[in-house]
Amino acid sequence: MTGIWGILNVTPDSFSDGGRYTDPDVAVAHARMLRAQGATVIDVGGESTRPGAERVPADEEQRRVLPVVEALSADGIPVSIDTLNASTAVAAVHAGARIVNDVSGGLADERMLSAVADTGADVVLGHWRGPSSDMYARAQYARVAREVASELRARIGAAAAAGIAPARLILDPGVGFAKSGEQNWEVLRGLDETVALGHRVLVGTSRKRFLTEALAAASTHEVTERRRDLATAVTSALAARAGAWAVRVHDVAATRDALAIVGAWDGA
Ligand code: PMM
């Protein structure tokens, strides 16, 4: 059964849910609800990666995320920490996080892979070509799905060199990171290239701009959050079909239902 990672952005400025969960009590309550809806992991982030976002100092990031990581971990909820900073990753693992989710695959902070190696936590290596502030300038590919897989292979090598056992790795093709709308669809269409690397694969499409664009092209009605969550449930179910081990979403209930229906179709 494909896992569902529930997104908890404890940030004032994430592109779809910024500012909603900056109060730790509100954040924890929301995460508990996502867990009750079927989230297998809660992915806690304190720095927005939305296109054009400015970096947040690591101490401010930790002030946002650590109380939430600690409270959820104390409840026995599996927590992943979504961060580019080695110091935040290590502090979050000490606070109970079991997984470090680095969308840069260890490229943003050169200390990340060696710092995480010693913690024993699992590690998400995302496909990334540079900071959100100018990532679209880097969206140059001849065959995007293949290049994503080969660049991820290089990150697997870097993780191994840092002492992270292969069984601890989770790969993510980085939908929306240094990719245009059409390139995101090509990455999803070619997801088997990433799956073929032989690790668990995580896919995050939730509410991303390429879905908004596809929905806007489908109807002139306003592209509401509800429509983007429905689109996310569809892409997440298709990603599961294509071999994703887990999907990362804001609306856990919608994706849980979509995965259940695909499972029923497949006789699972
Ligand atoms: N996308 C965002 C943030 N973190 N982590 C992983 N592993 N994969 C993603 O695709 C990903 C991520 C950006 O989306 P958000 O601001 O809605 O969290």
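Read-outs: derived from the displayed coordinates by stated rules, not from any lab. Small disclaimer: the values here were computed from a predicted structure and weren't measured. Cβ atoms come from the backbone with ideal geometry, glycine included; neighbour counts cover every protein chain shown.
Brief remarks follow.
- Residues Ile4, Ile261 in ascending order of nearby Cβ atoms (within 10 Å, fewest first): Ile261, Ile4.
- Here Phe210, Phe177 are placed in order of increasing Cβ neighbour count within 10 Å, fewest first, which gives Phe210, Phe177.
- Anisotropy class assigned to the chain is rounded, per the alpha carbon gyration tensor with a/c under the 1.5 cut-off.
- Glu222/Trp185 FRET efficiency (R0 25 Å; Cβ-Cβ; nearest 0.05): 0.65
- Taking all Cα pairs closer than 8 Å and separated by 6 or more residues, the relative contact order of the stretch 118-206 comes to 39 percent.
- Evaluated at q = 0.12, 0.25 Å⁻¹: base-10 log I(q)/I(0), Debye formula over Cα of the stretch 168-259: -0.35, -1.33
- Across the stretch 1-102, Cα pairs under 8 Å and at least six residues apart give a relative contact order of 26 percent.
- Using C-alpha pairs under 8 Å with a sequence gap of at least 6, the mean separation divided by the residue count of the chain gives a relative contact order of 17 percent.
- Segment Arg146-Gln37, extension gain: residue separation times 0.36 nm, minus the distance between their alpha carbons: 35.7 nm
- Average 1/r across all pairs of distinct alpha carbons in the stretch 1-100, invert it, and you get the Kirkwood radius: 13.2 Å.
- With semi-axes defined as the square roots of five times the eigenvalues of the C-alpha gyration tensor, the equivalent ellipsoid of the stretch 51-108 measures 20, 12, 9 Å, largest first.
- Efficiency of FRET between Asp118 and Ala154 - r from beta-carbon atoms, R0 22 angstrom, step 0.05: 0.50
- Student exercise, the chain dipole from Lys, Arg, Asp, Glu Cβ charges, in Debye to nearest 20: 560
- Over the stretch 1-60, volume per residue of the alpha carbon convex hull, in Å³: 91
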